[in-house]
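Right, one structure below, let's go through it.
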Amino acid sequence: MLESHIPHQNHLLAALPVEVQQRLLPHLERVSLPLGKVLYESGDALCHVYFPIDSIVSLTYVMENGASAEISMVGNEGLVGVALFMGGESTPSRAVVQCGGHALRLPGQRLKDEFNRHGELLVLMLRYTQALITQMAQTAVCNRHHSIDKRLCRWLLLSLDRMSSNHLTMTQELIASMLGVRREGVTDAAGKLQKLGVIEYSRGHITVLNRHRLEQLSCECYAVVKKETDRLQPYVPPHHGD
């Protein structure tokens, strides 16, 4: 059986009352999410939801010609698979692991059963979904109106917020795919940040050296999403005390 402290590594699960956690705990399975793994493709029927612990999952849209772009990312603040409890059962996006790690997997029916109790899980999930919609909307506006340089800063900051360190393992090809731009654009933007001493980049590894400067160089989109996420998700209540 899963150790009882592990669900607290995901903010949504940590915010649930103890009795709800205890109902879900026997059905949560810790799974490995390697970099690049596809959790579901566009149109797939969703059977499970995933609560990332130390991984990041990107929700992307893929065009007919194979081009793709990220519409939102999910880390330890949330879950992958909101369509399941929203009633859609499937989604036109693809979920792919952007940063490898682990997640807690829950059968979809167990989540729906708890959702239909109309208790605290329902409120949490709806507030989380609103935060996710904000991120999607801001990403759409950002991709249309802001430079690759600013978008890369926003993307790095959102990724950092979902990690426990300032080190990210991801290739320029992956970042380019997420931002929906050419690899050369990412190479150029990352090179500028490295010259400024904001990041250190070596093949497949990015270390953020100056987060404050990164926030200054980002567009307003990062702050908008972070503020709304923080407002909607007052995660770990005091009574957990861990």
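Close Lys pairs in the chain, defined as Cα atoms under 21 Å apart and 8 or more places apart or on different chains, number 4.
Largest first, the three principal axis extents of the alpha carbons in the stretch 104-190 are 51, 27, 20 Å in whole numbers. The distance linking the stretch 81-114 with the stretch 163-179 is 22 Å (Cα centroid to Cα centroid, whole angstrom).
Beyond 28 Å, the tail of the calculated P(r) for the chain holds 30 percent of the Cα pairs. The mean of 1/r over all distinct Cα pairs in the stretch 147-218, once inverted, gives the Kirkwood hydrodynamic radius of 11.9 Å.
Overall dimensions of the stretch 25-151, expressed as equivalent-ellipsoid semi-axes from the Cα gyration tensor (√(5λ), whole Å, largest first), are 25, 17, 14.
Values quoted throughout were computed directly from the atomic coordinates according to the rules given, and no laboratory measurement underlies them. All figures in this text were calculated on a predicted structure; none of them were measured in a lab.
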